[in-house]
Amino acid sequence: MISQPLSRKPVSRRVFLKASGGVLAGTLAFASGPIALLAPSRSWAMSLDHLTSRQGEVLLAMTRKLFPHADLEDAVYALVVKSLDGKAADTATAEQISSGVSELDDQADGDWLALGDDERLAVLQSMAGTPFFELVRGDAVVSLYNNPLAFAHFGYEGEKGNPGYLSQGFNDLTWLPDPPQPEAGYLPFEEPSA
Amino acid sequence: MTMTDDQKTFALDDDSVVVVIGSGAGGGTLANELAQQGVDVVVLEAGKLHTAADFLADEWGAFSQLSWLDPRTTSGSWRLATDFPNLPAWIVKSVGGTTVHWAGASLRFQPHEFQALTHYGEVAGAELLDWPLSYDDLAPWYDRAEQRMGVTRTNDNKGLPGNNNFKVMYAGAQNLGYSCNTGHMAINSTVRDGRAACQQRGFCFQGCKMQAKWSTLYTELPAGIATGHMELRPESHVARIEHDDQGRVNAVVYFDADGNELRQRARVVAVAGNSIETPRLLLNSASDRFPDGLANGAGHVGRHYMRHMTGSVYATFDEPVHMYRGTTMAGIIPDESYHDRERGFVGGYEMETLSLGLPFMAAFFNPGAWGPDFTQAMDQYDHMAGMWLVGEDMPQATNRITLNSDVVDRFGLPVANVHYDDHDNDIAMRQHAYAQGRALYESVGARDVYEVPPYPSTHNLGTCRMSERPEDGVCNGHGQSHEIDNLFISDGSQFTTSGAENPTLTIVSLALRQAEFIGQQMREGVI
């Protein structure tokens, strides 16, 4: 379950010294967006346990191409990398990611990240349906949209606790006329008029 | 302290009990009704006991907690076999069964839907049949079911208040000349039956934490236990049903939570495991005397699998909607549920408000999709309204649950394979329904309209169907198997045809009627 907020810890020396684990870092692009309101600082960093920094960067860029939301922060896409990093604890999955990233690079004269937007997409399209592609797509379609930052960005409020939306906007739409009763029903303490 | 702590218990060798397999709409209701008559009942439920306090307002979290995720396989031309090859159905493995997850829509079948063959005539490729009971036979039981479930807009239960998603549907319905209200819902619109009113939490599918939505979990099951005539055994996965030399069922073999194989003796067995597990169990119970499985002399067990014609339409608007706020499905248009061959298909469909949270919208909007078309829709999530389309589908003999001996569950039992091909009638009806949904939203000024494919099936029906003649089905009009007098089918597997309506109210009504029948038969010593 991908629900933890961004790591705000400074990147420790230990992280850099680990043999395989990399780090992803960035800066929020929108100083006043809903995600900035949740984040205490504009810069963010995320340590990786199994993937290298470069693999993390490629996966983040790949996810951005697969699910392009122009205004969605990299910090949210990074949660997909975090999820894939967790799955890479399994050596077969780690190998699939490693060879998949190599394949992307091979099709881009050695550096897929050096390509322009259209070229990046063309390489990805040529790999659509491969197990590596499906691994990333299948993870991202869950992990990208199942976290509090995405909820804030897309305007999904999730749970409002047991009081629910009854007093918190379940029927606050005003750009259409309110339907009449009895069709539109009654609030719990509202008595139907005869 | 759970509801099972102080319950009456029965010995494994007690051969006077009725064993009910499954605790959902059919099994839970039947068990309580028998217990109310003083009949001793043992309920074997494969799932764990999760109470309302355990429920999670988290789509994926609740899905993991509640869903039936044991392995299944799929085949056929339906899209689910590609998108979700091991998840043909979105149903529950937990005490209370799929009444934990259901949306609460409680619509009666229409009289003509009990006589599909008579009213629709022969449809090529479909094995249409009239039910062995009529609407009038079931009407008094519908009355009782609506009463005990507290269905809104019946029995002086006022309608639920409409949410934002309803407002959009209602405005479109007005434009198209449709009728529309917040529906007949088994969800408390006010405090009732010791349960709270709906608080519009927006998580009907994840288990109702307020217990405002009727579920056997906190109504029928504790009521049955309170009689002292019912024992509920969660985490009891039934492997097979056994019979005596006369061919009457006499025991149920199951695995408990620790994997121990146990054998509960039984006077009567009622199977209510949902329309995939029920036939799987009967097929897995094959014996020398019944080599093709129990109640399968005519070869109909597992056949005629129906899952309703379904689909969704979502539309985006210039102004916000926030469709996820409040009751998931309180908005119903019944105007397309009539039958008229002139539309290019037989039977009809209902249009019902529906919303998914952001995580499930991403997962189910267009499975397998990626790229800007997908993300453009997601970008408009909070400006989106949605509806579900649910209609009659055709009973095809080749749409079928079979045993897949190549794949076994953790007990070594062959899993169910679910084979489904869309019938031309389903396809024609879906296109009609998509077009009407689109027209409805466009009349309200929709920006983009999206036709969304069927989700994993929640309405699984027909695999042990009722029939007047033994050669046409598995059980009679009381759910009693044609072949074995003391073996009953007690869930949606009984449905001869699917009707257009959400099936739960009909399952509960049939269970109430069946309970009276079983009680009478037992008192008379017939079974």
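Tabulated values for the structure
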{"item": "Estimated dipole of the protein assembly as shown in Debye, rounded to 20 [Cβ of Lys and Arg +1, of Asp and Glu -1, Cα centre]", "result": "1580"}
{"item": "Over the stretch A:9-130: Kirkwood hydrodynamic radius from C-alpha pairwise inverse distances, Å", "result": "15.3"}
{"item": "Amide proton proximity set for residue A:23, modelled H, under 5 Å, gap of 5+", "result": "A:48, A:53"}
{"item": "Gaussian network model of chain A, Cα within-10 Å springs - most flexible of A:82, A:65, A:160", "result": "A:160"}
{"item": "Projected area, mean over directions - the stretch A:69-154, Cα convex hull, nm²", "result": "5.9"}
{"item": "Integer Hz, Karplus 6.51/-1.76/1.60 couplings in order for the stretch A:129-143, x for Gly and Pro", "result": "x, 5, x, 5, 4, 5, 4, 6, 4, x, 6, 5, 5, 8, 6"}
{"item": "Inverse of mean 1/r across different Cα pairs in the stretch B:172-314, Kirkwood, Å", "result": "19.4"}
{"item": "Over the stretch B:50-209 - Rg/Rh using Cα atoms and the Kirkwood inverse-distance radius", "result": "1.01"}
{"item": "Rg(Cα) / (2.2 N^0.38 Å) computed for the protein assembly as shown, rounded to two decimals", "result": "0.99"}
{"item": "Percentage, to the nearest whole number, of Cα pairs in the stretch A:49-194 over 23 Å apart", "result": "50"}
{"item": "Environment charge of residue B:236, counting only residues whose C-beta is closer than 9 Å and scoring Lys/Arg +1, Asp/Glu -1", "result": "-2"}
{"item": "In the stretch B:435-494, trypsin sites (Lys or Arg not before Pro) in a DSSP loop with at most 15 other beta-carbon atoms within 10 Å", "result": "B:447"}
{"item": "Normalised convex hull volume, the stretch B:198-238, alpha-carbon set, Å³ per residue", "result": "87"}
{"item": "Residues with amide H under 5 Å from that of residue B:311, placed H, sequence gap 5 or more", "result": "B:389"}
{"item": "Cα shape, the stretch B:241-369, gyration tensor, a/c 1.5 rule", "result": "prolate"}
{"item": "P(r) of the stretch B:343-445 over all Cα-Cα pairs, binned every 10 Å from zero, in whole percent", "result": "12, 28, 31, 22, 7, 1"}
{"item": "Cα-Cα P(r), the stretch A:117-194, percent of pairs per 5 Å interval", "result": "3, 10, 12, 12, 12, 11, 8, 7, 9, 7, 5, 3, 1, 0"}
{"item": "Phi-based couplings in Hz for the stretch A:154-170 (Karplus 6.51, -1.76, 1.60; Gly and Pro marked x)", "result": "8, x, 9, 8, x, 7, 10, x, 4, x, x, 8, 3, 10, 10, x, 5"}
{"item": "Shape call, the stretch B:1-138: gyration tensor on alpha carbons, a/c limit 1.5", "result": "oblate"}
{"item": "Residue among A:168, A:125, A:55 with the largest mean-square fluctuation in a Gaussian network model of chain A, springs linking Cα atoms under 10 Å", "result": "A:168"}
{"item": "Top positive-direction residue, dipole computed over the stretch A:13-154 with Cβ charges, set A:132, A:92, A:151", "result": "A:151"}
{"item": "Proportion of all alpha-carbon pairs of the stretch B:18-523 beyond 28 Å (%)", "result": "50"}
{"item": "Gap separating the Cα centres of the stretch B:294-308 and the stretch A:152-172, nearest whole Å", "result": "44"}
{"item": "Under the Karplus curve 6.51 cos²θ - 1.76 cosθ + 1.60, θ = phi - 60°, whole-Hz ³J(HN,Hα) for the stretch B:425-441, x wherever Gly or Pro sits", "result": "5, 4, 5, 5, 5, 4, 4, 4, 5, 4, 5, 5, x, 4, 4, 4, 6"}
{"item": "Long-range Cα-Cα pairs in the stretch B:396-494 (distance over 19 Å), rounded percent", "result": "64"}
{"item": "Calculated Rg and Dmax of the stretch B:325-397 using C-alpha coordinates, Å", "result": "15.7, 43"}
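Coordinate-derived values only; no laboratory data. The structure displayed is predicted, hence computed values, not measured ones. Note: ideal-geometry Cβ built from the backbone for every residue, glycine included; neighbour counts use all protein chains shown.
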